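Just below is one structure, and these are the notes that go with it.
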Amino acid sequence: MPSVSVKQARFMSAAAHNPAFAAEAGIPVSVAREFHAADAGKSYGAGGHKGKPVATVAHKRVAAALHKR
């Protein structure tokens, strides 16, 4: 199951790589590893553009701003 936010992805990555942190957080390491594996290669864009590279979103915003001039 992939993470639904950058915050969750970072949390699960930390838990997957640090068993002491996972135990303190109450997350099984196996679950954290599943999330981390599902997030491999996934890109989190800004402003709800999940799945698109941030550069693409930024380029569209710049193009739209220039077009409005």
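If I filter region 49-59 for residues that are more than 13 Å from the chain's Cα centre (by Cα), at pLDDT 90 or above and among the aliphatic types (A, V, I, L, M), do I get at least one hit?
Of region 49-59, the ones more than 13 Å from the chain's Cα centre (by Cα) are 55-59.
When the remaining residues are screened for being at pLDDT 90 or above, the result is none.
The answer is no, given that none of the residues of region 49-59 is more than 13 Å from the chain's Cα centre (by Cα), at pLDDT 90 or above and among the aliphatic types (A, V, I, L, M).
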Which ones in region 1-21 are aliphatic (A, V, I, L, M) and under 18 Å from the mean Cα position of the chain (by Cα)?
Met1, Val4, Val6, Ala9, Met12, Ala14, Ala15, Ala16
Subset of region 15-36 that is small (Gly, Ala, Ser) and open to solvent by less than 40 Å² (accessible area, probe 1.4 Å) - its residue that is nearest to Pro2 (Cα to Cα):
Ala32
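The values are calculated or read from the model by the stated rules, or taken from the named source; none is laboratory data. Just so we're clear, the structure is a prediction, and the values are computed from it rather than from any experiment. The area values use the complete protein model at the heavy-atom level, side chains included, leaving out ligands, DNA and RNA. Shrake-Rupley method; radii C 1.70, N 1.55, O 1.52, S 1.80 Å.
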